[in-house]
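First the structure, in the form of structure tokens, and then the observations on it.
The values are calculated or read from the model by the stated rules, or taken from the named source; none is laboratory data. As the structure is a computational prediction, the values presented were derived from the model and not from experiment. So basically every Cβ, Gly included, is an ideal-geometry build from the backbone, and we count neighbours across all protein chains shown. The accessibility values were calculated without ligands, DNA or RNA, using every heavy atom of the protein model including side chains. Shrake-Rupley method; radii C 1.70, N 1.55, O 1.52, S 1.80 Å.
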Amino acid sequence: MASRIKICGISTPETLDAVLAARAEYVGFNFFPPSPRHVSFDQVAALASRASDRISKVGVFVDADDALIGAAVEAGRLDVIQLHGEETPKRASELGARFGKPVWKVIPVSSAADIARGGDYRGAAEFILYDAKTPKDAALPGGMGLRFDWSLLKQERSGLPWGLAGGLSASNVADAIAQTGAPMVDTSSGVETAPGAKDADAIAAFCSAVRKA
């Protein structure tokens with residue numbers, strides 16, 4: 001079975017249309033203001049209306065409070081809450097209960113110990129997304145085109161569904177899937193011409209490469 005696909009950081013109608021045309025399963029909307037991919041509530045409301053029910057809509061949050069998450073869930077008609085900060089298993093569980101949405105937790109990876117942390121979220125999150133750990137002084141927690149040692153995923157024992165992110169593009173995603181067997185792959189910077197500037201042709205190429213893997 002082909003890996004599922006998430007294209008993250010979509011912020012314009014044109015690039016949303018490209019994601020829909022390429023038949024990705026998930027689209028990610030970023031609610032972290034420092035990010036060049038950040039969307040306002042008005043923007044996401046228009047995008048959600050355009051997408052309708054043709055794709056699952058994922059909201060990406062970094063240590064956000066309940067008020068921001070609630071407003072985003074409503075405006076974007078979100079199907080999934082993705083946590084990309086320091087959120088604990090307790091916090092993940094509370095958010096799932098409060099908003100009645102599946103919660104995905106991003107685990108930043110640079111070592112086998114990081115992979116082992118996925119198991120901490122069993123019973124608290126529905127899905128784990130392993131992403132490359134960014135430098136300590138980085139302004140953003142992801143979306144920087146970094147990748148980690150995929151062989152570390154041979155030690156994945158969380159017991160949860162999981163996916164792979166970090167530096168994925170059309171040129172390497174087939175290799176990533178071959179090495180890891182990732183059931184889902186997620187890209188953002190890998191389909192951009194500049195930070196936040198998605199490219200329709202790159203989105204199509206990425207989705208095609210995943211389905212041929």
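Some observations on this one:
- Exactly one residue among Ser158, Ser188, Ser169, Ser208 is touching a Cys at 6+ places or on another chain (Cβ under 6 Å) and open to solvent by less than 50 Å² (accessible area, probe 1.4 Å), and that residue is Ser188.
- Of residues in the stretch 1-38 being of a type in the set (Val, Ile, Thr) and in contact with a helix residue (DSSP H, G or I) (Cβ under 7 Å, 6 or more places away or on another chain), the one surrounded by the most Cβ atoms within 10 Å (Cβ to Cβ): Ile10
- Flag if Asp201 is open to solvent by 50 Å² or more (accessible area, probe 1.4 Å), acidic (Asp, Glu) and either touching a Phe, Trp or Tyr at 6+ places or on another chain (Cβ under 6 Å) or modelled with pLDDT of 95 or more (or both): yes
- Close contacts from the stretch 30-57, counting a first residue that is under 16 Å from Ser188 (Cβ atoms) and touching a residue at least 40 places away in the same chain (Cβ under 8 Å) and a second that is among the polar types (S, T, N, Q) and crowded, with 22+ Cβ neighbours inside 10 Å, with Cβ to Cβ under 6 Å and a gap of 6+ residues or different chains, come to Arg37/Asn30.
- Residue within the stretch 89-97 that is assigned to a strand (DSSP E or B) and not charged (D, E, K, R) present: no
- Yes/no for Leu146 being under 24 Å from Asp120 (Cβ atoms) and without any contact (Cβ under 8 Å) to a residue 24 or more places away in the chain: yes
- Residue in the stretch 102-123 that is closer than 25 Å to Ala197 by Cβ, in a loop (DSSP other than H, G, I, E, B) and open to solvent by 10 Å² or more (accessible area, probe 1.4 Å) present: no
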